[in-house]
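Working notes, structure below.
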Amino acid sequence: MPRVAATIIKAKCLTVFLYAHTRVLDLMRKYLSRELVRCGVTRFATAYLNLKSMLENKKQLQRLFREDELHDLGYLKSAKGKKAEKEAKNEISKRFNNDRRKFKEVFQFIDKRWDSKLKTPLHRAGYYLNPFYYYQNKVAIEDNETFRDGVITCITKLVPDIETQDKIIEELQKFQDAEGSFGKEIAKRQCKNIHFNPAKWWLNHGSSAPTLRKLAARIISLTCSSSACLHQETQ
């Protein structure tokens, strides 16, 4: 949709400027006390998560562009800097403060894609077995039974042998409690990096759960693909 596309393009101008310069990025983190850009399940989700993040941090971003400290760095004089400053002043969030009925079609597209592509047991299992998300959100994930159900569903569908299924369930507890190889400092450190490869993490640090390691790497490798979304877009 043209209006949505235009908003995303303007938002990218702002994020590219903020993340292109180390000193500007450090200053942004100082004002926001967090990252502005978020990574979603697919790049399609990421665009909307980043817009939501900008909306949530609107006041901090406006304050950042008003501060002399940013102006003194000199980056605002560049073409990208001027565009980013203009975008901040125009307040991207205004596009989302209009009549909700105007966004009904957008919400229908999002709900349709989410329900049909990103709520399957496979994706829930992939989220559960991704250490970056699991260890930071353990309580919430364990309280939501759908994630554990997704793991169990994948185990029963992808592993036909009953004894192997039982072995995987036993090893799953070690992952949950960060025991053995999962509890090593290097394993904890590497899974805190959003840009790490979760499948390789399992291969490197899943020795305490060798049977689960094979299944986890397989599931995560499958959920890392957005080909289903790409195919749907071409239709």
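Any read-out appearing in this document is the output of simple, stated calculations on the displayed coordinates, not a laboratory observation. Fair warning: this is a prediction, and the values are worked out from it, not measured in the lab. Heads up, the Cβs are rebuilt from the backbone with ideal geometry, glycines too, and the neighbour counts pull from every protein chain shown.
Using the Cβ of Val159 as centre and a radius below 14 Å, the other residues enclosed give a net charge of 0, where K and R count +1 and D and E count -1.
Just add up the charged neighbours of Cys191: K/R +1, D/E -1, any other residue whose Cβ is under 12 Å from the Cβ of Cys191. Please list the in-between numbers first.
Values: positive: Lys184, Lys188, Arg189, Lys192, Lys200; negative: Glu185.
Overall, the nearby charge balance is +4.
Exceedance of the 31 Å cut-off in Cα-Cα distance is limited, within the set Lys30/Lys192; Lys52/Lys157; Lys167/Lys200; Lys157/Lys200; Lys10/Lys214, to Lys52/Lys157; Lys10/Lys214.
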